[in-house]
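Report on the structure given below.
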Amino acid sequence: MSLKHTTTLIKSLCARGAVRHARAVFGEMPDRDVVAWTAMLSGYASSGCYREALDFFRRMLAVGVVPNEFTLSSVLTACRGGDAAGGGGAASIHAVAIRLGVDHMPYVVNALVDAYASRRDGLGDARRLFGALGAGRTAASWTSMIAGYARWGLENTGLQLFQKMIQDDVELSPFTCSIAIHSCASLGNLYFGQQIHAVSIRKALGANLVVANSLIDMYCACERVVDARRIFDEMPERNLVTWNTIIAGSSRNDPRMAMQLLVDMDLEPNCLTLTSIISACAGLAALRCGRQVHGAVLRRNYGDDLKVSNALVGMYSKCGSISNAKKVFNMMTCKDILSWTSMIGGYGTNGYANEAIGLFNSMVDAGVHPDHVVFMGLINACSHAGLVDEGWNLFKSMLFDYKIQPNMEIYGCVTNLLARAGRLREAFNLVDTMPLTPDESVWGALLGACKMHRNIELGRQAARKIIEINPDAAKTYILLANIYAADSKWGDYAATRRLLRGTGSSKEVGMSWIEVTDKMYSFSTADSNSLQVSLADEVLQILVQHMDEERNYFDENISRVA
């Protein structure tokens, strides 16, 4: 077989994933030119065999074969494929390109940009090469640079580059558009995401599956689940990623929609689907439904999946079934920080503060380093259980033993811990001296406790701070008015209510859910339109009537005894 035909066979085998067979064919070749070596090297790189590709390249240089620009491009693909090349992989290939005089060829420079951008410490080199390309920039080099910024948490910089790409009228690919949309989702930047959506429609990419999936994710991340659902309903084609994306987004924003989507799903759900449904069950406190999903998890052998197990622990905890949460947790063969956090939080929210502290000690003994979320769960548990000193000691341990600087949420938890226990002056001093500027939630925790303990002086100060931050905070005026009313300060009460009316704001209506015979019902306070609420109100009136009758009977008998 001729050299040309053998090389073609190697390429064909690699394209089919038969890299070992291609390597066997290569080994039997009596003569090999740079094209044959490049074909085999490219096969390794495209199949994910990055270390083998780099070893093959070194062997190629050792036998004296001079690589060309296509060889270097293939080996650079291996450099960006993981840690196989080490930190200096791309730089070493760059040096070879300079020595061969091909370092200015667009094909090589684009590959270098991609390889450098795949490592955080290479972003600066990638940007310099990208800038030096000038008119030689291709859509691939723009995409590599934007993807590099997105990968390493510099989404804003990547979006600025994407905007420049659009202004320069560079051809937009679905992959580039998807990366930019995902950056908007990570930042919660709805405005820019909507602009990219418009661009994708103008460029006839709106119906592309990858782009549409990214748009669904972006709108869900920005809490625009109605827009996400509209895109989903209009899609001519859907895959498992589409269903998982809309179900995951709905589980965070509209759990009932997530449950209905599972029923309508025309593909076999996987562990990601079930994880999202478990989260939806937790959001609805639908214990019976959660147990059914748990059964589906076991039937599909997903019980060892870490994300699924963590979701089950969280679901059972939120539904008040702490025994089932503990059972799942104890059966986990592998636990991460989220596993421990979910179980500690479960104990805390269900009133088992001492058990939460005990599990925290076990976590530390297991060598897991706690984070902000763990301490927030612990301090919150101590607050609800009245374990003020224990919570305060945990706060000090976080500061001095684990060197974790408290964030705003932690300060809010500690403020709530002290204030709920009546130690209002200590709570006020903590807020007044904290290194961060207290936000509305921190002052709100103090104001709520002032209402509980009828402390007008501190309540007024806390309310004043909140109103400075948010003059239209309706809840603040209502709480302050209630504090005045509890102490019969009716003049101050009336003045505060007038201020509330002057803001034109009203308290947001809270929604509740309840599961009855496998169905979910939602209702709000004073909801008179629901048949179920009306029936419950009738039962309540009957109970009140019975209570009045019993009270009258009791009063009559007491009067006789007296």
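The values are calculated or read from the model by the stated rules, or taken from the named source; none is laboratory data. In this text, all values refer to a predicted model and were calculated from it rather than measured experimentally. Glycine gets a Cβ as well: all are built from the backbone with ideal geometry, and neighbour counts include every protein chain shown. SASA here: full protein model, heavy atoms, side chains in, ligands and nucleic acids out. Shrake-Rupley method; radii C 1.70, N 1.55, O 1.52, S 1.80 Å.
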Scan of segment 245-293 for residues that are open to solvent by less than 20 Å² (accessible area, probe 1.4 Å), of a type in the set (Gly, Ala, Ser) and in contact (Cβ under 8 Å) with a residue 24 or more places away in the chain, ordered by number: GLY249, SER250, SER251, SER276, ALA280, ALA282, ALA286, GLY290
Residue check, THR71 farther than 30 Å from ASP168 by Cα, without any contact (Cβ under 8 Å) to a residue 40 or more places away in the chain and surrounded by 18 or more Cβ atoms within 10 Å (Cβ to Cβ): yes
Failed item in (1) among the small types (Gly, Ala, Ser); (2) out of contact with any Lys or Arg (no Cβ under 8 Å at 6 or more places or on another chain); (3) surrounded by 19 or more Cβ atoms within 10 Å (Cβ to Cβ), with GLY303 passing the rest: (3)
Among the residues listed as ALA15, ALA45, ALA22, the single one being farther than 11 Å from VAL75 by Cα and in contact with a helix residue (DSSP H, G or I) (Cβ under 6 Å, 6 or more places away or on another chain): ALA22
Some residue of segment 101-117 being out of contact with any helix residue (DSSP H, G or I) (no Cβ under 9 Å at 6 or more places or on another chain), in contact (Cβ under 8 Å) with a residue 24 or more places away in the chain and part of a helix (DSSP H, G or I): no
Test: GLY188 is surrounded by fewer than 23 Cβ atoms within 10 Å (Cβ to Cβ), free of Cβ contacts under 8 Å to residues at least 40 places away in the same chain, closer than 21 Å to ASN244 by Cβ and in contact with a His (Cβ under 8 Å, 6 or more places away or on another chain): no
Qualifying position, being out of contact with any helix residue (DSSP H, G or I) (no Cβ under 6 Å at 6 or more places or on another chain) and at positive phi, among ASP233, ASP169: ASP169
Residue check for LEU215: of a type outside the set (D, E, K, R) and modelled with pLDDT under 95: no
Which numbered condition VAL308 misses (of (1) open to solvent by 30 Å² or more (accessible area, probe 1.4 Å); (2) closer than 23 Å to TRP340 by Cα; (3) under 17 Å from the mean Cα position of the chain (by Cα)): (1)
Unmet requirement for SER214, which otherwise passes all of (1) surrounded by fewer than 22 Cβ atoms within 10 Å (Cβ to Cβ); (2) free of Cβ contacts under 8 Å to residues at least 40 places away in the same chain; (3) not aliphatic (A, V, I, L, M): (1)
Residue, nearest to the chain's Cα centre (by Cα), within segment 449-466, restricted to residues that are within 15 Å of GLY422 (Cβ to Cβ), open to solvent by 30 Å² or more (accessible area, probe 1.4 Å) and not aliphatic (A, V, I, L, M): LYS451
Scope segment 132-152; condition under 23 Å from SER178 (Cα atoms) and either of a type in the set (S, T, N, Q) or open to solvent by less than 50 Å² (accessible area, probe 1.4 Å) (or both); matching residues: THR138, ALA139, SER141, TRP142, THR143, SER144, MET145, ILE146, ALA147, GLY148, TYR149, ALA150
Given (1) aromatic (Phe, Trp, Tyr); (2) under 41 Å from the mean Cα position of the chain (by Cα); (3) under 21 Å from LYS4 (Cα atoms), index of the condition TYR50 fails: (3)
